[in-house]
């Protein structure tokens, strides 16, 4: 067995440590005063965590343009997150990463944008592909007057004065809005669940008796490509046994297909304590369940960003990823990380996994006690 690398300190990360206001970023143009902006496109293609973070930015855009028609261009897996969102007149997708990866998908994307005749496009993705498509749009002569992007590069004509390096995506997107004179005041994700999703959540809470006693949520998994981010079955089991002394009598396990083995192992180890809801809920049923929990304990995983929308106190356990870049947004969210020489390595695999194996449940408990 590999020898653990020791650490002495566990560092806390809160919003004030991770985010700053849009300092040193003056408005290039005061867009909210442009009365001719009638239709806006917001582009956001990222993973679930980044998409959920962007919903706070979207709220600020919505408030800045109360009379505009706003469309969202997302990737197909996350379209359901916005199925009941009143801020959007239209949510449309092109599967540019998979089925429509080639020229045909790019052509459909361009023709869709041209058809809707947007007055303003806000690119909250700003990667090579979105820049390429918007550049083609500009060269075609069909580009709107205003193009906002997260980085000071072509083809954006409203953009940050200088790039932010190694910053949280929330901080970068806020500075993008500042360049357009858009006020940023929303500090937590803003998601809207349909009545069906809320009903599903309430039925689950009732059927498992979760509405009758305090419970905690464990987001114990991660995407299959990020196994090093997992705190581990042994630690979550030990934590569940210890938080019983804090008046928490059940733990609810939440996740998707990639997390199922982790959730199953914890449920088998805690037959009288754990309720395994892995794979049993829709995405937008989860915020209602999260709202009813006393605490949420999570790895650095996309579902943790969804949980941040609930307002429930949440602890994020980080090791190989940097909390300054990955922490879910909200004053109710605390991230912790061992102060260890190999932290923030972002490695997919590790021979010793000291940042997680050495962070035992008894070291985590004091942080939970301070959150309640």
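A few comments on the model shown:
- Residues considered: 59, 100. Of these, the only one that is free of Cβ contacts under 8 Å to residues at least 12 places away in the same chain, over 30 Å from residue 361 (Cβ atoms) and outside the structural domain of residue 321 (by TED's automatic domain parsing) is 100.
- In the set (1) more than 22 Å from residue 31 (Cα to Cα); (2) part of a loop (DSSP other than H, G, I, E, B); (3) under 23 Å from the mean Cα position of the chain (by Cα), residue 129 fails one condition alone, (2).
- Apart from one condition, residue 37 fits all of (1) within 28 Å of residue 330 (Cα to Cα); (2) buried (at least 17 other Cβ atoms within 10 Å of the Cβ); (3) in contact (Cβ under 8 Å) with a residue 24 or more places away in the chain; the exception is (1).
- Checked against the criteria, residue 336 counts as in contact with a strand residue (DSSP E or B) (Cβ under 6 Å, 6 or more places away or on another chain), surrounded by fewer than 22 Cβ atoms within 10 Å (Cβ to Cβ) and at pLDDT 95 or above.
- Exactly one residue among 128, 123 is in the same structural domain as residue 33 (by TED's automatic domain parsing) and in contact with a strand residue (DSSP E or B) (Cβ under 6 Å, 6 or more places away or on another chain), and that residue is 123.
- Every condition in (1) over 23 Å from the mean Cα position of the chain (by Cα); (2) more than 25 Å from residue 301 (Cα to Cα); (3) surrounded by fewer than 21 Cβ atoms within 10 Å (Cβ to Cβ) holds for residue 180 except the one numbered (3).
- Those residues of segment 149-175 which are touching a helix residue (DSSP H, G or I) at 6+ places or on another chain (Cβ under 8 Å) and either touching a residue at least 40 places away in the same chain (Cβ under 8 Å) or not assigned by TED's automatic domain parsing to the domain that holds residue 49 (or both), in sequence order: 158, 159, 160, 161, 166, 167, 168, 169, 170, 171, 173, 174
- Condition met for residue 31 (assigned by TED's automatic domain parsing to the domain that holds residue 116 and touching a strand residue (DSSP E or B) at 6+ places or on another chain (Cβ under 9 Å)): yes
The values are calculated or read from the model by the stated rules, or taken from the named source; none is laboratory data. In this text the structure is predicted, and so the values were computed from the model without any measurement. Neighbour counts are summed over all protein chains in view; Cβ atoms, including those assigned to glycine, are modelled from backbone coordinates with ideal geometry.
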